[in-house]
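K.L.:
One structure, pasted below without further comment.
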Amino acid sequence: MTESRPTSFFGPGKLLLLLLLGALVYGITLVVLVPAGWLWQQASAHVPLPEQVRVQQVSGTLWQGAAGVVVAGFPARLQWQLEWPSLSGGMLPVSFSVSSSQSRVEGVARAGLSGNLELRANGVVAVAEFEPLIRRSGGAMIEGAVTVDRLNMMWSNGRLKAADGLGRWGGGAVSWPMGSQTGQAVFPPMEAELETTEGGVALVVAEQGSDGPAAETSILWDGMMEVRVYKRMVDLAQQPWPDTASPDDVVFRVRQPLLPGGL
């Protein structure tokens, strides 16, 4: 009987494979554990941000970190945590939350190697926090908070392709500018639904449980914005209007450019 010669477990091929695997693990660890503050210092000059957005006080790592942000004068705190990527879909998930003194929105963003980006979020927004901005823009001021039940958005090649969302408000006092005076009324519970249309996205505002919209804002892919207010909104605001008009009649319409070059 002949005895087989023992072979070494760590042959040249296995040793090379282990070295490559160790280098890969070391490289991934080095990337995800790099300090986020240092990384932002290197990248901030090459990241175009809107003039209303400032990033400060970046801490943690690329894998899990936080940053202070100021958007149009309103301070907030951004926190993120990378999740394990999806090998089948080629997507990198990032859990995030954006919180201020009274509001909080959290969700998951998924970025693909092809440049696609998906976002899913929900939260609560306290309207009183943004009263100065609402007043300056001439908008209506509502009391209480808006609950964002869902917000789903998808971008492809840097352009918004789809949007879907639902927000609810429990009702209460509403005030709005009327020339040199201020109009006031008590509104019932309202909801706003975000949906994708053939030419862009639309936000439809209606009384909860009603049969039709009270107002609708459409943002088109070509960068135009259109606002329509229905007679139903006038009735909710308890404002006088001819009785010959039906709730579905449009009583106010405006169309104007929103952004140059589309979304």
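The values are calculated or read from the model by the stated rules, or taken from the named source; none is laboratory data. Quick caveat: nothing in here was measured; it's all calculated off a predicted structure. Note that we place each Cβ from the backbone using ideal geometry, even for glycine, and neighbour counts take in every protein chain shown. Ligands, DNA and RNA are stripped out before the accessible areas are found, and what is left, the full protein with its side chains, is counted by its heavy atoms. Shrake-Rupley method; radii C 1.70, N 1.55, O 1.52, S 1.80 Å.
K.L.:
Report the residue count in the stretch 123-165 for those that are polar (S, T, N, Q), open to solvent by less than 70 Å² (accessible area, probe 1.4 Å) and out of contact with any Phe, Trp or Tyr (no Cβ under 8 Å at 6 or more places or on another chain).
P.N.:
2
K.L.:
State all residues of the stretch 223-251 that are at pLDDT below 90 and closer than 18 Å to Ala202 by Cβ; if no residue qualifies, say none.
P.N.:
Across the stretch 223-251, the qualifying residues are Gly223, Met224, Met225.
K.L.:
Are any of the residues in the stretch 86-96 polar (S, T, N, Q), under 17 Å from the mean Cα position of the chain (by Cα), open to solvent by 40 Å² or more (accessible area, probe 1.4 Å) and modelled with pLDDT of 90 or more?
P.N.:
Within the stretch 86-96, not a single residue is polar (S, T, N, Q), under 17 Å from the mean Cα position of the chain (by Cα), open to solvent by 40 Å² or more (accessible area, probe 1.4 Å) and modelled with pLDDT of 90 or more.
K.L.:
So, of the residues in the stretch 173-183 that are open to solvent by 40 Å² or more (accessible area, probe 1.4 Å) and touching a residue at least 12 places away in the same chain (Cβ under 8 Å), which turns out to be farthest from Arg135 (Cα to Cα)?
P.N.:
Checked the stretch 173-183; the qualifying residue farthest from Arg135 (Cα to Cα) is Ala173.
K.L.:
From the list Asp211, Asp235, which residue is outside any loop (DSSP other than H, G, I, E, B) and without any contact (Cβ under 8 Å) to a residue 60 or more places away in the chain?
P.N.:
Being outside any loop (DSSP other than H, G, I, E, B) and without any contact (Cβ under 8 Å) to a residue 60 or more places away in the chain holds for just one of Asp211, Asp235, which is Asp235.
K.L.:
Moving on to the next point. Looking at the structure I just gave you, is Gly13 surrounded by 10 or more Cβ atoms within 10 Å (Cβ to Cβ), farther than 29 Å from Ala126 by Cβ, modelled with pLDDT under 65 and not hydroxyl-bearing (Ser, Thr, Tyr)?
P.N.:
Taking the combined requirement at face value, the residue does not satisfy it.
K.L.:
Can you go through Val229, Val186 and tell me which one is part of a strand (DSSP E or B) and surrounded by fewer than 17 Cβ atoms within 10 Å (Cβ to Cβ)?
P.N.:
Answer to the selection: Val186.
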